[in-house]
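Asker: Here it is: the structure, laid out below.
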Amino acid sequence: MKNRIRFNQVNLLENNGIYIKKSNDGKTAIIFPGHGSQYVNMLSDLRGRNKIVDETLAEAEKYYKGITGDSFLEHLMTSDINTVSEIMQPAIIIANEVFFRIAIQEFKVKPHILLGHSLGEISALLASGVISFKDAIKISYSRAKSLEYLDTSSQGLMLSLKLNNNKDEVLINTYLENHNNLELAIVNSKFQKVVSGAKESLLRLEKYCQKVDIVAKILPVPYPFHSKLLRPIKHQYEKVIKDIEFNLPKIPVYSTILTRLYEDRDIANLVEILGEQLITPFNFREIIEVLYNTYNVKLYLECGANQIMTNLINEILSDKEHCSINMNSKKENDIVALEKSKLRLDMIKTEVNTKKVTKVINKLTGYPIELIDKIIQSGNSIEDYGLEFALPKQMQEKIVQEFNESTGTGSTYSTFNSLILEQKSHDGEPNNDLVEVNTDTTTDEPLSKVEISKVVKSFITDKTGYP
């Protein structure tokens, strides 16, 4: 309960532009959103103002036009992005790639794991080097184009449900058991579910939800993904993408269908896996819990338009220490959202974890923890910590490399000495946990100065025990 209260305090502060310095002793995952993340005018504030954005969009326009003969950019600011699948699906992949490149090239993020939600899995495979940017656009376009082969009996929609409690879950499960033309397509969190099915059946479910006070919303996705209704087009989709060249992943990718990390042997069957991914339901909540509990992922960076994944992860891990960061939001200026995400990442990067440094040295050298701590905490007279630890140059370089890779937040220490000296400087600094961001942002319900003051004081009391 205490962790949950503290997390809610942090949320209130961050929603009002006040960020808290955090340490990250876990791994980093980049999460790519799928259907529903797109919106009219997305990326518009960044065009002409960010070199990576402009270069990525120019590259995407060239590939999209080469594949379809049509312009992608002309549709970016129209409602086609929400209604025309051949525009919508490539648009999501392109936006995901824009933010991924910013994360890697500008923010220097070093992810340990990649995960894509539904369509976003194509972005994860692209980010890992399994497919090229051109082929990612081709796959997403082909995925959309194959939907034209659906007959009217297989066409449908997706309905998002926001349950209030366990009783609502029983009601929905019972309803689905009695209507076999509806499927639970996605479990997003404990109380957020997505149902796929024929249009008329979904509209009846929507009315039923209104009757029992369950929030239900038709998603801007004109087809019933992750359901058996799309099985008739699976072969057509696989047929179009079977000639694409697939490479081994450079960064581990977690598959929502295999419910594990992709292995090298899976690449030979990737066409079939992508086909299954089109029709197979998945449990996003369980996957995030696996990343947290099994792979020690504590930092989640959403690379894509909007902040749907960030909100879901915060809900799933609401009682656990973690950090989930979005790079974009439909509700605020693109530039402001990007700057806020950069600041939050920087706040994490400024915390050098003593335990992490000690663990890495202990792991690679076998030196006792007590000895390592004693040397690190010694006076400032030491000029060469490599010599003090009696470590050859090669071992020093290995320690620095492992530490940089283990943090996943863009640490770029070049020498063993700089790593230890930076650690010592942070150990001697006052703990400035609160940093206010002076940006013009708005929230649905902004806190007053008095309310913010109360939250700040409560947070400090919680951390220090001071009355």
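Asker: For region 240-259, how many residues meet the condition of being under 22 Å from the mean Cα position of the chain (by Cα) and either on the phi > 0 side of the Ramachandran plot or of a type in the set (A, V, I, L, M) (or both)?
Answerer: Applying the first criterion (under 22 Å from the mean Cα position of the chain (by Cα)) to region 240-259 yields 248-259.
Subset that is either on the phi > 0 side of the Ramachandran plot or of a type in the set (A, V, I, L, M) (or both): 248, 251, 253, 257-259.
The total comes to 6.
Asker: Output the residues belonging to region 281-300 that are in contact with a helix residue (DSSP H, G or I) (Cβ under 6 Å, 6 or more places away or on another chain) and of a type outside the set (V, I, T).
Answerer: So in region 281-300, the residues in contact with a helix residue (DSSP H, G or I) (Cβ under 6 Å, 6 or more places away or on another chain) come out as 285, 288, 297, 300.
R285, Y300, listed by residue number.
Asker: Against the condition aromatic (F, W, Y), within 20 Å of A136 (Cβ to Cβ) and assigned by TED's automatic domain parsing to the domain that holds A103, how does Y262 come out, does it pass?
Answerer: Numbers: aromatic (F, W, Y): yes; within 20 Å of A136 (Cβ to Cβ): yes; assigned by TED's automatic domain parsing to the domain that holds A103: yes.
Yes: the conditions hold for Y262.
Asker: Residues that are over 28 Å from K62 (Cβ atoms): which helices (runs of 4 or more DSSP H) entirely in region 114-219 hold 1 or more of them? Full working, then the answer.
Answerer: Details: elements: 120-127, 133-145, 166-177, 199-211.
Ranges flagged: 166-177, 199-211.
Asker: Out of all the residues in region 246-260, is one or more surrounded by fewer than 19 Cβ atoms within 10 Å (Cβ to Cβ), part of a helix (DSSP H, G or I) and touching a helix residue (DSSP H, G or I) at 6+ places or on another chain (Cβ under 8 Å)?
Answerer: No, every residue in region 246-260 fails to be surrounded by fewer than 19 Cβ atoms within 10 Å (Cβ to Cβ), part of a helix (DSSP H, G or I) and touching a helix residue (DSSP H, G or I) at 6+ places or on another chain (Cβ under 8 Å).
Yes/no matrix, rows are residues, columns are (1) within 26 Å of E321 (Cβ to Cβ); (2) among the charged types (D, E, K, R); (3) at pLDDT 85 or above; (4) not in a loop (DSSP other than H, G, I, E, B):
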position	(1), (2), (3), (4)
I361	yes, no, yes, yes
L364	no, no, yes, yes
S378	no, no, no, no
S414	no, no, no, no
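Asker: Give me the residue from region 76-132 that is more than 14 Å from the chain's Cα centre (by Cα) and acidic (D, E) and, out of that set, farthest from T294 (Cα to Cα).
Answerer: The selected residue is D80.
Each row is one residue, and each column tells you yes or no for (1) touching a Phe, Trp or Tyr at 6+ places or on another chain (Cβ under 8 Å); (2) touching a residue at least 12 places away in the same chain (Cβ under 8 Å).
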{"site": "S71", "(1), (2)": "yes, no"}
{"site": "H75", "(1), (2)": "no, yes"}
{"site": "I81", "(1), (2)": "yes, yes"}
{"site": "R101", "(1), (2)": "no, yes"}
{"site": "G120", "(1), (2)": "yes, yes"}
{"site": "L126", "(1), (2)": "yes, yes"}
{"site": "I131", "(1), (2)": "yes, yes"}
{"site": "S154", "(1), (2)": "no, yes"}
{"site": "K162", "(1), (2)": "yes, yes"}
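The values are calculated or read from the model by the stated rules, or taken from the named source; none is laboratory data. Here the structure is a predicted model, which is why all the values come from computation and not from measurement. With ideal geometry, Cβ positions are generated from the backbone for all residues, glycine too; neighbour counts draw on all protein chains shown.
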